[in-house]
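K.L.:
Submitted below is the structure of interest, expressed as structure tokens.
The values are calculated or read from the model by the stated rules, or taken from the named source; none is laboratory data. What you see is a predicted model; the values in this text were computed from it and never measured. Reconstructed Cβ throughout: ideal geometry from the backbone, glycine too, with neighbour counts over all protein chains shown. Keep in mind that these areas ignore ligands, DNA and RNA; they rest on the heavy atoms of the full protein, side chains included. Shrake-Rupley method; radii C 1.70, N 1.55, O 1.52, S 1.80 Å.
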Amino acid sequence: MRRARWGEPHDVPDALDVEGRIVRALVLATDALVAGRDATADARAAVEIAATHGWGVRECEARLLLAEALLVGGEPRRALAEARNVARKASTMTSRRFESEARALVALIDEPPIDAAELEELAMAENVSPRASRRARSLLGDVSAPLDVADEGVLAAGRARAAVEVLRVRAESPD
């Protein structure tokens, strides 16, 4: 049964090599994004390898990274198209993680500007991507939402594009 699922022994190194190439391209793209360099070429390479070999999860990761790189690089229309592609693919895969990340990215890029109700839903949901939730909480003004360098760059690019206002809500006692 395992052999039927994994293939013949001589096929295994090729499968590992494919995933290794995808992961390497993802790492290079992430490093470029964090360093403020153009990450699109490496992200596209990861998308192509993953799509060619049927690695759906890795393809979604790569497409999200490509969308972020395009947004940070000043290409919001192309970033929006990529994010929508991920949302469609994630819905066919029934992947709540990728669907929520793509929805959050679409909301950040698309017109009209971000809907606070959608942000609240993403921030409070338990079955969404931690990254989507963290970014949504940050956009809602939650200063305890820890952002990494890539998150900060993506949110800054989205805020500049959509003129997003950070909302701060304070509960006051009825005294």
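K.L.:
Checking V154 against (1) more than 16 Å from A83 (Cα to Cα); (2) in a helix (DSSP H, G or I), which single condition isn't satisfied?
P.N.:
(1)
K.L.:
Being part of a loop (DSSP other than H, G, I, E, B) and either under 21 Å from L80 (Cβ atoms) or modelled with pLDDT of 95 or more (or both) is the filter; apply it to region 38-65 and report the residue that is nearest to the chain's Cα centre (by Cα).
P.N.:
Per the criteria, the residue is A39.
K.L.:
Follow-up. Pairs needed: first member in region 66-84, assigned to a helix (DSSP H, G or I); second member anywhere, surrounded by fewer than 22 Cβ atoms within 10 Å (Cβ to Cβ) and among the basic types (K, R); C-beta distance under 7 Å; at least 6 residues apart or different chains.
P.N.:
Going by the 7 Å Cβ cut-off, the qualifying pairs are L66/R44; L70/R78; P76/R161.
K.L.:
Could you tell me how many of the residues in region 91-105 are in a helix (DSSP H, G or I) and either at pLDDT below 85 or not hydrophobic (A, V, I, L, M, F, W, C) (or both)?
P.N.:
Matching residues across region 91-105 total 9.
K.L.:
Could you list, ordered by first residue, the pairs with Cβ atoms under 7 Å in which the first is in region 16-45 and under 11 Å from L65 (Cβ atoms) and free of Cβ contacts under 8 Å to residues at least 60 places away in the same chain and the second is among the aliphatic types (A, V, I, L, M) and open to solvent by 50 Å² or more (accessible area, probe 1.4 Å), at least 6 apart or interchain?
P.N.:
D42/L28
K.L.:
Quick one: which residue in T30, T40, T52 is among the hydroxyl-bearing types (S, T, Y) and over 19 Å from D151 (Cβ atoms)?
P.N.:
Details: T30 fails: over 19 Å from D151 (Cβ atoms); T40 fails: over 19 Å from D151 (Cβ atoms).
Result: T52 is the single residue among T30, T40, T52 that is among the hydroxyl-bearing types (S, T, Y) and over 19 Å from D151 (Cβ atoms).
K.L.:
Might you check whether a residue that is surrounded by 23 or more Cβ atoms within 10 Å (Cβ to Cβ), of a type in the set (A, V, I, L, M, F, W, C) and farther than 23 Å from D148 by Cα occurs anywhere in region 129-137?
P.N.:
So far as region 129-137 goes, no, none of its residues is surrounded by 23 or more Cβ atoms within 10 Å (Cβ to Cβ), of a type in the set (A, V, I, L, M, F, W, C) and farther than 23 Å from D148 by Cα.
K.L.:
Shifting gears a bit: What number of residues within region 85-126 satisfy the criterion of being touching an Asp or Glu at 6+ places or on another chain (Cβ under 8 Å), among the charged types (D, E, K, R) and either surrounded by fewer than 20 Cβ atoms within 10 Å (Cβ to Cβ) or free of Cβ contacts under 8 Å to residues at least 24 places away in the same chain (or both)?
P.N.:
Looking only at that region, the number is 1.
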